[in-house]
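Enquirer: Okay, here's the structure, questions in a sec.
The values are calculated or read from the model by the stated rules, or taken from the named source; none is laboratory data. Nothing here was measured: the structure is a model prediction, and the numbers come from that model. All Cβ positions, even for glycine, are placed from backbone atoms using ideal geometry, and neighbour counts span all protein chains on display. All accessible areas refer to the heavy atoms of the entire protein, side chains included, with ligands and DNA or RNA removed. Shrake-Rupley method; radii C 1.70, N 1.55, O 1.52, S 1.80 Å.
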Amino acid sequence: MSTFLLQVHIQKKLSIHEIASSSGLSVSHFCLLFKKKTSHTPIEHFTFLKMQRACLLLDFSTLRINEIAIDIGYDDPYYFTRVFKRVMGKSPLAYRHNNK
């Protein structure tokens, strides 16, 4: 659906309006179809894609946590850490140490 758009713009802050309009659908119709296909809202899915990218960067780079946050579109590294922990079940630092 618009997963490609989400992956291409992983560093940006996309609104649901931007995502839906790229599909030529209304926000409500887009959200309904997206959730039906994926079992997640578009924003949940976008957040998950961002956290997947963060995991790759934590595993295969030496970037600091704040640099990873910026790379995936989070201006505030503390907020990024909270979101990462909510999605992944551990902090970015714990994730990096556990996977080394």
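Enquirer: What residue, of S91, S26, is open to solvent by less than 80 Å² (accessible area, probe 1.4 Å), of a type in the set (S, T, Y) and at pLDDT below 95?
Expert: Sole residue among the options that is open to solvent by less than 80 Å² (accessible area, probe 1.4 Å), of a type in the set (S, T, Y) and at pLDDT below 95: S26.
Enquirer: It is to be established whether one or more residues within the range 47-63 are of a type in the set (D, E, K, R), surrounded by fewer than 12 Cβ atoms within 10 Å (Cβ to Cβ) and in a helix (DSSP H, G or I).
Expert: Yes, the range 47-63 has at least one match.
Enquirer: Looking at the range 64-76, which of its residues are under 21 Å from L6 (Cα atoms), crowded, with 17+ Cβ neighbours inside 10 Å and free of Cβ contacts under 8 Å to residues at least 40 places away in the same chain?
Expert: I68, A69, Y74
Enquirer: Using the structure shown, decide if S61 is more than 25 Å from V8 (Cβ to Cβ), polar (S, T, N, Q) and either out of contact with any Asp or Glu (no Cβ under 6 Å at 6 or more places or on another chain) or at pLDDT 95 or above (or both).
Expert: no
Enquirer: Being loosely packed, with under 14 Cβ neighbours inside 10 Å and in a loop (DSSP other than H, G, I, E, B) is true for just one of H40, H97. Which residue is that?
Expert: H40
Enquirer: Additional query: Looking only at the range 6-23, filter to residues that are surrounded by 15 or more Cβ atoms within 10 Å (Cβ to Cβ) and outside any loop (DSSP other than H, G, I, E, B); which one of those is modelled with the lowest pLDDT?
Expert: Only one residue tops the list, namely L6.
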